[in-house]
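To start, the structure under review is shown below, and the notes come after it.
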Amino acid sequence: MVDGYGRIIDYMRISVTDCCNLRCVYCMPESGVRFAPQKSLLTDGEIVRIINAAARTGISHIKVTGGEPLLRDGVTTLIHQVKEIPGIETVSLTTNGILLPECMAELYEAGISSINISLDTLDAKRYRELTRGGVLEHALAGLRTAATYPEMKVKVNAVLDEEHWEEDVMALTYLAKENKVHVRFIEHMPLGIESNETPVAEQDILKLLRQYYGESKPCREKIGEGPGHYFAFPGLVGRIGFISAMSHKFCSECNRIRLSADGKLRMCLQSKDGISLRDIIRNHVSDEELVEIIEKSIRQKPEGHCMNVQRIEAEGMCQIGG
């Protein structure tokens, strides 16, 4: 479907839980987080029904997120059901990787085609500090498990700490040296948790990498369905990508909508409020009405975010399906 600004909207990010087994400093508070009660979350049937309706509007790519999505009971069964919906071409997953060793085989069988692993540093001490207790080796075990599936696209998502960014860039980039693991650097965004972090500039990262690996070339191959853009470097099997929402605002090409774990449909990550598809479904609307509601929302998708001048007041990314 085409929105009011001529963009083709074909990608939906779906948060299946707001819970997580880590407490990353830029995502949620260390304590006191009020997770949604179970009865307020979408059921598997409700999620499948919403995606069925969304597919009729032109949504063909689904990203399963959280919180940590692998904490949801029966998530692999849900993913299999989503993959079977007519019109859905790809289903991918964003995870912190900790539960991948025990879930990867089922995820592969369910039809997952791409896995993004959040991993901000390869320094064990700072990983523990950034995640407030996480064990780096657990995340790396998940990454190694995912990488054993040749058909699977494996990406690492990193939000850089401005104090140690050069060290982390070089260490994380090495993951792409001998394996087809794509490493993506994501600019810190002013969402949810208060932070004085300054986003590390894409051009600075490229400058550093060019000093070590030589001149880069923009990739023309299709690596994902979202806003990331990628570069190939000599000597690296994987690609180096960037999601630079602040310095390289990509709103004019945005193709995404979002569904939170409690059923709010948001047209933009910065949208504080959204229309509650959960309440609409539980009020017994027809499938045709549900399609019309989603279509209307897409037509009203804003032209762009205002994160440069405005912050969402939220408890963390887990509350907005980030």
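What the table shows:
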| item | result |
| --- | --- |
| Residue in region 50-59 that is open to solvent by less than 30 Å² (accessible area, probe 1.4 Å), touching a Phe, Trp or Tyr at 6+ places or on another chain (Cβ under 9 Å) and not acidic (Asp, Glu) present | yes |
| Among residues of region 1-19, those that are in a loop (DSSP other than H, G, I, E, B) and open to solvent by less than 30 Å² (accessible area, probe 1.4 Å), counted | 6 |
| Of all residues making up region 25-78, the number that are on the phi > 0 side of the Ramachandran plot and under 16 Å from the mean Cα position of the chain (by Cα) | 1 |
| The listed residue being open to solvent by less than 50 Å² (accessible area, probe 1.4 Å), closer than 26 Å to Ala146 by Cα and not acidic (Asp, Glu), out of Leu42, Leu70 | Leu70 |
| Scan of region 263-295 for residues that are within 13 Å of Arg49 (Cα to Cα), open to solvent by less than 60 Å² (accessible area, probe 1.4 Å) and either β-branched (Val, Ile, Thr) or touching an Asp or Glu at 6+ places or on another chain (Cβ under 9 Å) (or both), ordered by number | Gly263, Leu277, Arg278, Ile280, Ile281, Val285, Val291, Ile294 |
| Residue ID - modelled with the highest pLDDT, chosen from residues in region 100-116 that are surrounded by fewer than 20 Cβ atoms within 10 Å (Cβ to Cβ) and not in a helix (DSSP H, G or I) | Gly111 |
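The values are calculated or read from the model by the stated rules, or taken from the named source; none is laboratory data. Note that the coordinates shown come from a computational prediction; the quantities given were computed from them, not determined experimentally. As a convention, Cβ positions derive from the backbone with ideal geometry for all residues, glycine included, and neighbour counts pool all protein chains shown. Quick note on the areas: whole protein, heavy atoms, side chains included, nothing else; ligands and nucleic acids left out. Shrake-Rupley method; radii C 1.70, N 1.55, O 1.52, S 1.80 Å.
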